[in-house]
Amino acid sequence: MKKFKHSEITPEKIYHTRRSFIKSMGYGLSALSLSSVPIINAKASNLNEPTSYQDITTYNNYYEFGTGKSDPHRRAKNFTTRPWSVKIEGEVEKSLELPIEEVLAIKSEERILKLRCVEGWSMVIPWLGFSLSELLNKVEIKPSAKFVEFETVYNPEEMVGQRYPVLNWPYIEGLRLDEAMHPLTTVVTGLYGKTLPNQNGAPLRIFIPWKYGFKSAKAIVKIKLTKNMPNTAWKNASPREYGFYSNVNPEVDHPRWSQATERVIGESILAPRIKTLMFNGYGDEVAHLYSGMDLKKNY
Amino acid sequence: MKNYFKPAVFLLSLWPIFIITYQLFYNKLGPEPVDRIINHFGEWTLVFILLTLSMTPLRKITKSLEWIKFRRMLGLFAFFYASIHMLSYVGLDYRFDFKPLINDVLKKKFVFIGFSAWLLLIPLAITSSDRMARLLKQNWKKLHKLVYVISIFGVLHFIWLSKTIFFKPLIFLIILIILLLFRINFSKLSSKI
């Protein structure tokens, strides 16, 4: 008897949405989700080993604590993360202020996801977290809401980088609402099974694995639903170089450096660069969000 | 005493090599070793270009001719480190894969200007000997004025490759501007006298 693949008897689009639906179902069960999150699927690279805890926690871009990669882990040691609360406001029926304890009470699971920095390097990080949609579902979102804006805390006393006009503080990042509701968009609460270290964005950050790292805001105090596209920090600093979407895309070069390849953090000095994948290897899950869009224009 | 100055400066100038060798052997190059090596030699190139440019102002300030003795050596070290910087980019990072490299030189202005600066350093290194200076006479001075262009290219290279000018590129820029201002001021002053 001839065997059919599901993709042969189901129209492609439905097949994909069904797959992502099945995947999002999987997240409920952490064991299942581990196999369903594309993590580093075979084609992404053979380097599916998570980066070492040491590298993940000492090599950070977190300009609130300085522009050097080793600044955050040195300077964030005494950063105050309690008390902390997260406001959800804007285009919602009733805004909400959640104490951090309440956010952390949401069940986290391990999500091994790849981080690709716009500077041309990547890490594989075993995050702890849950889908942002779980948090957003706590409020009633008005139909007028089209975007979600994330705001990092403004605390120049402890965040020494904020004393200098490196970027427009506080740091603002944002997503389209459908991107924010995608199950892979993760609220991060920890890594390597431990509480999130300060230099990685404690007490709460988001992580969007198919976008360049700077899209994933850290130390979030406010989540605002908006009608208009947020004026995000890096786009504000240099609109030609950093677009609102900033999806990982090997075909669209940053005006200053190529995005076709990347260096894997923690590899030896002799290891070659590897090819960067469209959407950082998560194309099966997220490409449908951008169907019909010119990704060269909407970089 | 003074006989030791030149060898001492020479040994001190090898410091960047010493550091990298130590870090290489003790595995202290960090999570991105290739990047670390490229940046290390890039920054030291700029340091040596600025040091080379400081010798004339120092001579004028201290009214001592000693400084000028070191200028050639420092300049050659700048070329030496610039070459390691470029070779580590071409060899370590891109594995001599010239297709993306040529693409980088043509499309990325920071690579273009950095590469141009290195090319411009070559004639200066070749003509650095006393014999060449005698041979070229007045043209030698003219030719070696290229160092001003090179220094500006070098600092621009650093500014353009950085995500923000804060703080290292800004520091290099400020020092460069001060060193270049020295030239303008002194020539104006001497013309008035």
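Cross-linked pairs A:Lys235/B:Lys168; A:Lys87/B:Lys168; B:Lys108/B:Lys141; A:Lys297/B:Lys109: Cα-Cα separations exceed 27 Å for A:Lys87/B:Lys168; B:Lys108/B:Lys141. Max-minus-min Cα coordinates of the protein assembly as shown on each principal axis give 87, 60, 42 Å, with the largest extent listed first.
One Cα centroid belongs to the range B:1-54, the other to the range A:126-194; the line between them spans 41 Å. For the range A:196-299, the mean projected area of the C-alpha convex hull, equal to one quarter of the hull surface, is 8.5 nm². Long hydrophobic helices in chain B, taken as whole DSSP H segments with a C-alpha length of 27 Å or more on their own axis and mean Kyte-Doolittle hydropathy at least -0.5: B:33-62, B:68-87, B:168-192. Using only alpha carbons, the range A:227-276 has a radius of gyration to Kirkwood radius ratio (Rg to Rh) of 1.11.
Per residue, the Cα convex hull of the range B:82-193 amounts to 136 Å³.
Over all orientations, the range A:96-218 has a Cα convex hull whose mean projected area works out to 8.2 square nanometres. Largest GNM mean-square fluctuation among B:Gly75, B:Gly91, B:Gly154, using chain B with Cα springs under 10 Å: B:Gly91. Directionally averaged projected area (the range B:10-93, Cα convex hull): 5.8 nm².
Kirkwood's formula applied to the C-alpha pairs of the range A:43-290 gives a hydrodynamic radius of 18.3 angstrom.
Beyond 13 Å, the tail of the calculated P(r) for the range B:37-76 holds 52 percent of the Cα pairs.
Taken along its principal axes, the alpha carbon cloud of chain B reaches lengths of 55, 41, 37 Å, longest axis first.
Note on B:Asp130, A:Asp284, A:Asp71: ascending count of other Cβ atoms within 10 Å places them as B:Asp130, A:Asp284, A:Asp71, the fewest first. The lysine pair tally for the range B:1-83, using Cα distances under 29 Å and a gap of 8 or more places or different chains, is 7. Residues whose amide H falls under 5 Å from that of A:Trp84, counting only those 5 or more places apart or on a different chain, are A:Ile100, with hydrogens built in the peptide plane.
Every read-out reported here was derived from the displayed coordinates using simple, explicitly stated rules and does not represent laboratory data. If you're wondering where the values come from, they're calculated on a predicted model, not measured in any experiment. When we count neighbours, we look across all protein chains shown, and the Cβ atoms used for this are built from the backbone with ideal geometry, even at glycine.
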